[in-house]
Amino acid sequence: MVTKLTNGFWAKTARIILRNRILILLIIAAVTVFLGFQWKNMRFSNSEANLLPDDHPVNIEYQAFLDLFGEEGNAIVLAVRDSALFKPEKFKRWNTLSKQLDAFPEVDFVISTDNLKELVRDNDKQEFVLRPFMEEPPQDREEIDSLVQHLFNDLPFYDKLLYNKKSKTLRTVVYLDKDIINTTVRKDFILKDLSLLVAEFEEETGLDLRVSGMPYIRTLNSQNIIDEIGKFIFAALAVTSLIFFFFFRSIRATFISICVVVIGVMWAFGILGLLRYEITVLTALIPPLIIVIGIPNCIFLINKYQQEVKKHGNQALSLQRVISKIGNATLMTNVTTASGFATFIITDSKLLTEFGIVASINIMGIFILSLLIIPIIYSFMSLPKTKHLKHLNKKWIDGFVNWMERIVRDRRISVYIVSVALLVVSIIGIYQIEISGSPIEDMPKKAAFFKDIRFFEEEFDGIMPVEVVIDTEQKKGVLKPANLRRMDQLGDVINEIPELSKPVSMVNVVKYSKQAFYNGLPKYYQLPTTQENTFIMDLARRSEGDARLLQNFVDSTGQVARITTYMKDVKTERMEEIEQRLLENIAKIFPADRYSVYLTGKALLFLKGTKYLVKNLILSLTLAIGLIALFMAYLFRSFRMIIISLIPNLLPLVITAGVMGYVGVPIKPSTILVFSVAFGISVDDTIHFLAKYRQELTANRWRIQKSVYAALRETGVSMFYTSIVLFFGFSVFVISSFGGTVALGALVSATLLFAMLANLILLPSLLLTLERSIANKQVLKEPQIDILPREEVGPEEGAG
């Protein structure tokens, strides 16, 4: 009954589409223009992707830190490792650069040799004052060498902040206004003003100026994403169009398909603007994804049209059957694909939720566009010529189908042995997979800014901030000697960890105050003794110099202090070991009943976010598998058939995971997407094959062997066509400079190739092996939905 209603619905839909051609085209044009106007609302993400939900404890702690101390990642660092820098004209140009930077309104303040302040004791006023490091600009090399030696040997407070004593590397630190960090102002300043100043400095001095810092890295990384969107769209269009033309040998059919997916891309950008979503590294992939997923829709519809024309030559009847016979099949495959993306919506991660919403909406959008545009455009054109139908009789395709049939008929045991062997080997590989929580893991390795990241890691021990927040639970408690000693003790622990940089905190300021009290002698750069503490602190309280140094390390009440260190780019396992070691020492040094201490910072936030993401995406993949299992249960009413249908789709995922383990591709936000995306697309082949198999089973009076071969012959070619398009379509992502995007493209392509072979060889083999068990009419009751109506089924109606 439902089958008849479904068939009636699609027949009615076909009549509505073909009778209202002009109106539908005008509606599509109007929607496209409307979404085109939404492009103005598109904006690229200016803030870092937060993988954790707002109410996650780690996020709450990080927000509490930001409320106390402001944005942590606002420093841009510039450095030169070259003894030529200390020549008078070049040293003068180095100091001029810091003056130029300090003049910009986007810059809060700059610390460099030009404006460096030295804390000294004023005996007349009995207070500490900040005296300029350079009273006057040095005139010759001798004066410069004297200043540099004074900096390197007498001012340990600035060690690893402004200089590396061993390599003689000199650094300037530029602190941006915290209010612009997550705005386009930051981007414009870095891409236009800072880049110009750096280029001018390098040209005038011939020195290699290294630049890094979180604002700089984020800006250049985002710019790379923007630059790659156009490259991906063009590459996806070119590759899929070439393959389409190779299959159909028709410029007209190729042009129509390109028009459909181009409108789909315009809709994708428009929906991003309409929903006010930012373009991130994930949503940037949606336009090329729409091209890759949209072309197979065009293949089905145009293929069916050409088959019908070849069969009876009646254009009106052919167009009606394209919609009524393929419409439901294409709807089902697009729904399953969209479901694979829609499962990201439940992850509680804003980044993934937005990606899932936009991707699933656009996949259904490209289905509607192809179903409407292709039949309508062809209705205004003449019938295809004989040469355009020749591809339907290609001998190599028959040879491919015959090869599959022979394997399924004669080599089933070999198929099972190979499948089990691959399963075992893949499971071994899965145990070698690592999880990556590094925020710079996917950044383009060949980019100059990435090489600069490695330079600063080598010279200054890291660029990713890690913060220890210590609440003494009493006002002005930070400056108490006992608390300073505890902070210093934790600082010693941090110094012992090679992957962490020298810690900077209130302790450094107090040590510097003692050194200043003893007339700047470096050996007194240490915490005051109990006797010294009273008069040194009394002097410090009257000093404007100390007050200015304190504001970055203590909150306004003097109750909460921060210890800042920077972490190198290390593996997740090592990152967790470091975190655990710090937490253990914090628990020993700061008793929980008297202190409230927690770890935070960008490095830990990304690590926790990745862990959270992996957990949630496993949940979304499980949901996707559950949805498909329910669909199979609805279609076949047999538990055994559900298992048979899932095996060919789960095995490729296991194989891909095994390959990741062996090749060394870690689980990270980009690669974890592979499984849900690939599963949602590959299961389309299974649905088409089993739907066709069920029809043949009914027609052949439950003779399974005959039904399997008939289904294989009729669906195999289109499954091959679309899998090739999808394989090469996703392969365009390997041209990316981002490691994550390359991995995503390569892994999805490989998974879809494995899935095609599994659905064409393993699935029919399983059906034939289990024929005695399931050859029973009671097992296969009449389903409630008919995907491919029996009459007028063409040989090319395959998978999505």
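The values are calculated or read from the model by the stated rules, or taken from the named source; none is laboratory data. These numbers come from a predicted model, not from an experiment. All Cβ positions, glycine included, derive from the backbone under ideal geometry; neighbour counts span all protein chains shown. These accessible areas exclude ligands, DNA and RNA; they are computed on the full protein's heavy atoms, side chains included. Shrake-Rupley method; radii C 1.70, N 1.55, O 1.52, S 1.80 Å.
Things to note:
- Only a single item in (1) among the polar types (S, T, N, Q); (2) open to solvent by 20 Å² or more (accessible area, probe 1.4 Å); (3) in contact with a helix residue (DSSP H, G or I) (Cβ under 9 Å, 6 or more places away or on another chain) is not met by Gln149, and it is number (3).
- Among (1) open to solvent by less than 50 Å² (accessible area, probe 1.4 Å); (2) closer than 29 Å to Pro132 by Cα; (3) at pLDDT 85 or above - the single one Leu521 does not satisfy: (1)
- Number of the condition not met by Ile286 [criteria: (1) open to solvent by 10 Å² or more (accessible area, probe 1.4 Å); (2) of a type in the set (Val, Ile, Thr); (3) within 21 Å of Phe733 (Cα to Cα)]: (1)
- Check on Leu650, open to solvent by 10 Å² or more (accessible area, probe 1.4 Å), assigned to a helix (DSSP H, G or I) and among the hydrophobic types (A, V, I, L, M, F, W, C): yes
- One residue stands out in segment 642-672 among those that are within 19 Å of the chain's Cα centre (by Cα) and of a type in the set (Ser, Thr, Tyr): the one that is farthest from Ile435 (Cα to Cα), namely Thr656.
- Residues that are over 17 Å from the mean Cα position of the chain (by Cα) and either at pLDDT below 85 or surrounded by 22 or more Cβ atoms within 10 Å (Cβ to Cβ) (or both) within segment 347-364 comprise Ser360, Asn362, Ile363, listed in sequence order.
- Answer residue from segment 430-447, given it is open to solvent by 60 Å² or more (accessible area, probe 1.4 Å) and charged (D, E, K, R) and is nearest to Val663 (Cα to Cα) among those: Glu434
- No other residue among Lys446, Lys451 is in contact (Cβ under 8 Å) with a residue 12 or more places away in the chain and among the charged types (D, E, K, R) apart from Lys446.
- Of everything listed in (1) modelled with pLDDT of 80 or more; (2) over 30 Å from Asp410 (Cα atoms); (3) of a type outside the set (S, T, N, Q); (4) in contact with an Asp or Glu (Cβ under 9 Å, 6 or more places away or on another chain), the single unmet condition for Leu744 is (4).
- Out of Tyr175, Tyr163, one residue alone is of a type in the set (Ser, Thr, Tyr) and open to solvent by 10 Å² or more (accessible area, probe 1.4 Å). It is Tyr175.
- Some residue of segment 220-238 being touching a residue at least 24 places away in the same chain (Cβ under 8 Å), closer than 12 Å to Cys298 by Cα and either in contact with a Cys (Cβ under 7 Å, 6 or more places away or on another chain) or of a type outside the set (Ser, Thr, Tyr) (or both): no
- Verdict on Leu119 being outside any loop (DSSP other than H, G, I, E, B) and in contact with a Lys or Arg (Cβ under 9 Å, 6 or more places away or on another chain): yes
- Of all residues in segment 65-107, those satisfying the criterion of being assigned to a helix (DSSP H, G or I), farther than 21 Å from Gly206 by Cα and touching a residue at least 12 places away in the same chain (Cβ under 8 Å) are Phe65, Leu68, Phe69, Asp102.
- Segment 446-466 - residue that is out of contact with any Phe, Trp or Tyr (no Cβ under 7 Å at 6 or more places or on another chain) and small (Gly, Ala, Ser) and, of those, farthest from Leu170 (Cα to Cα): Ala447
Condition check ((1) at pLDDT 85 or above; (2) open to solvent by less than 40 Å² (accessible area, probe 1.4 Å); (3) on the phi > 0 side of the Ramachandran plot) across all residues:
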| site | (1), (2), (3) |
| --- | --- |
| Ser195 | yes, no, no |
| Phe201 | yes, yes, no |
| Phe232 | no, yes, no |
| Ala236 | no, yes, no |
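- From Ser731, Ser749, residue being modelled with pLDDT of 50 or more, open to solvent by 10 Å² or more (accessible area, probe 1.4 Å) and among the polar types (S, T, N, Q): Ser731
- Extreme residue, least open to solvent (accessible area, probe 1.4 Å), among residues of segment 659-673 that are in contact with a Leu (Cβ under 8 Å, 6 or more places away or on another chain) and farther than 19 Å from Ala359 by Cβ: Met660
- Residue within segment 692-702 that is closer than 23 Å to Met332 by Cα, crowded, with 24+ Cβ neighbours inside 10 Å and among the small types (Gly, Ala, Ser) present: no
- The number of residues in segment 448-488 that are of a type in the set (A, V, I, L, M, F, W, C) and either assigned to a helix (DSSP H, G or I) or open to solvent by 20 Å² or more (accessible area, probe 1.4 Å) (or both) comes to 11.
- Residue that is surrounded by the most Cβ atoms within 10 Å (Cβ to Cβ) [pool: residues in segment 301-338 that are modelled with pLDDT under 80 and either within 21 Å of Glu278 (Cβ to Cβ) or within 26 Å of the chain's Cα centre (by Cα) (or both)]: Thr333
- When Met756 is tested against (1) at pLDDT 85 or above; (2) open to solvent by 30 Å² or more (accessible area, probe 1.4 Å), only condition (2) is not met.
- Applying the criterion of being open to solvent by 80 Å² or more (accessible area, probe 1.4 Å), among the charged types (D, E, K, R) and farther than 17 Å from Val148 by Cβ to the residues of segment 86-137, the residue that is modelled with the highest pLDDT is Lys99.
- Qualifying residue in segment 494-516 (condition: modelled with pLDDT of 80 or more, aromatic (Phe, Trp, Tyr) and part of a loop (DSSP other than H, G, I, E, B)): no
- Residues of segment 408-429 satisfying the condition of being out of contact with any Leu (no Cβ under 8 Å at 6 or more places or on another chain) and buried (at least 17 other Cβ atoms within 10 Å of the Cβ): Ser426, Gly429
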